[in-house]
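One structure is given below, encoded as structure tokens.
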Amino acid sequence: MSNIFRAVLFITLLITSTLSKAEISVIIADKMISVENAKIITKPLIIIEDGVISAVGTQSDISIPEDANIIDLSGHTILPGLMDMHVHLTSDASVHGYKRLQRDTSRAAITGVMKAERTLMAGFTTVRNVGAPNYADIALRDAINEGDVKGPRMFVSGPSIGVTGGHCDNNLLPFEYGVKSEGVADGPWAVRTKVRQNIKYGADVIKFCATGGVLSKGTKVGAQQFSFEEMKALIDEAHLRGLTVAAHAHGTDGIKTAIKAGVDSIEHGSFLDKEAIKLAKKHGTYLSMDIYVTEYILGEGEKAGILEESLAKERTVGKRQRESFSNALKAGVNMVFGSDAGVYPHGDNAKQLSRMVQFGMSPMQAIQSATLEPAKLLKKSDTLGSIQTGKAADIIAVKGDPIEDISLLETVGFVMKEGVVYLNKS
Ligand SMILES: [Zn+2]
């Protein structure tokens, strides 16, 4: 055997043995939150092969495979990676209003690179990005999937679809500047075209604006935007193509119309009345209510460039939205964790969990709303949302027990996405 051949053989064997060693990982910890049956497992053991969970049990009933890479998370509770169903990774929370006009799509994509990593390190292994300029979110998702950038698994919408002059338009400049957002469409066929265009360029979900909003200039937060016919056309088109639809909706009429038109999730859901709650329950519509963001908007918003009219709108929305949250929860409506991070700082997503508990959820319910339930909304329950055999190894850990203190989830010590460890402070 020549020396060169020997060297090549040695290197090949070395690479093969390193790879096969890294392929099987075992996680042990003090506790595990089993979200699918709302139970706590003590002394759990999880086996991970090629990024997928291959066995879940306790340290007494599963033996550790030989050559496995052991991740010892003693003192920690493990749970599924968190999922946020309403983020804007390409937005910077310190840049709002007229300041945003200075940022183009390329800059937004670069912002996204930084914020995606921050979000992942905060324990969010999956996000739904609902609204980005042009298709910056699609570039970011693809860069993460191809391993160029660290970030959560992204389900993205591309530009939000909305009426001329509505919440999803850009109304900051006078007529002669001719500025309009790329998602603006009026009329049933025009909105169908926008849906088709977003799908053409890679959208996973469709987002539209069914009412005015807090941060848009000149829109009434409670007033409906799009007629029933337009919403129905938009949602039918998306469903026909196998995509789900998220509707930004604060006002009661817009919420009800979107639910009747078949929307999959209502974002914000601020002004719910009894009928809206009943409708959401009947249709199985998810509510994604950002009940933490109000604290940031009213506290830091002015500094960040949020317009005075927006601050005034937020003052009318925040308290009412939290009441709506409690009422919908009592009625048993489907609820998912959606933070609107991007309006407030990325990485602070989990701060909303303690507010969800404050306004009525049990800690277990709050955790389920950020794991099990989003997977159902995304129609990805077969691979995401819980620590079960056959699912993606998206696992996080915190010191202590988040069922006793939900705010512990604001500082995660361990993050694994698809079997790859991104953070381990244990
Ligand atoms: Zn939003």
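Side notes on the structure shown:
- Total residues in the range 329-339, condition away from the ligand (no atom under 16 Å from the Cβ) and either in a strand (DSSP E or B) or touching a Ser or Thr at 6+ places or on another chain (Cβ under 9 Å) (or both): 3
- The range 201-285 holds helices (runs of 4 or more DSSP H) entirely within its bounds, and those carrying 1 or more residues that are closer than 21 Å to A312 by Cα map to 252-260.
This table checks each residue for (1) closer than 19 Å to A375 by Cα; (2) among the acidic types (D, E).
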| position | (1), (2) |
| --- | --- |
| G284 | yes, no |
| D290 | yes, yes |
| G301 | no, no |
| E323 | no, yes |
| G338 | yes, no |
| G347 | no, no |
| A350 | yes, no |
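- Members of the range 250-268 found to be open to solvent by less than 20 Å² (accessible area, probe 1.4 Å) and under 17 Å from R128 (Cα atoms), listed by number: V263, S265, I266, E267, H268
- Breaking point among (1) over 17 Å from the mean Cα position of the chain (by Cα); (2) within 16 Å of the ligand (Cβ to nearest atom), for G342: (1)
- Residue in the range 384-394 that is closer than 27 Å to I27 by Cα, acidic (D, E) and open to solvent by less than 30 Å² (accessible area, probe 1.4 Å) present: yes
- Any hit, the range 345-358, residues being touching a Gly at 6+ places or on another chain (Cβ under 7 Å) and either in contact (Cβ under 8 Å) with a residue 40 or more places away in the chain or open to solvent by less than 30 Å² (accessible area, probe 1.4 Å) (or both): yes
- Flag if L120 is away from the ligand (no atom under 14 Å from the Cβ), in contact (Cβ under 8 Å) with a residue 24 or more places away in the chain and open to solvent by less than 20 Å² (accessible area, probe 1.4 Å): yes
- Filter pass, S60 being out of contact with any strand residue (DSSP E or B) (no Cβ under 8 Å at 6 or more places or on another chain) and within 16 Å of the ligand (Cβ to nearest atom): no
- Restricting the range 272-294 to residues that are free of Cβ contacts under 8 Å to residues at least 60 places away in the same chain and within 20 Å of the chain's Cα centre (by Cα), the residue that is most open to solvent (accessible area, probe 1.4 Å) is G284.
So that you can scan it fast, the table gives a plain yes or no per residue for (1) in a helix (DSSP H, G or I); (2) among the β-branched types (V, I, T); (3) over 22 Å from S34 (Cβ atoms):
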residue: T316; (1), (2), (3): yes, yes, yes
residue: K319; (1), (2), (3): yes, no, yes
residue: E323; (1), (2), (3): yes, no, yes
residue: N327; (1), (2), (3): yes, no, yes
residue: K376; (1), (2), (3): yes, no, no
residue: V398; (1), (2), (3): no, yes, no
residue: D401; (1), (2), (3): no, no, no
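The values are calculated or read from the model by the stated rules, or taken from the named source; none is laboratory data. It should be emphasised that the depicted structure is a prediction, and the values quoted were computed from it without experimental measurement. All Cβ positions, even for glycine, are placed from backbone atoms using ideal geometry, and neighbour counts span all protein chains on display. What goes into the accessible areas is simple: the full protein's heavy atoms, side chains included, and nothing from ligands, DNA or RNA. Shrake-Rupley method; radii C 1.70, N 1.55, O 1.52, S 1.80 Å.
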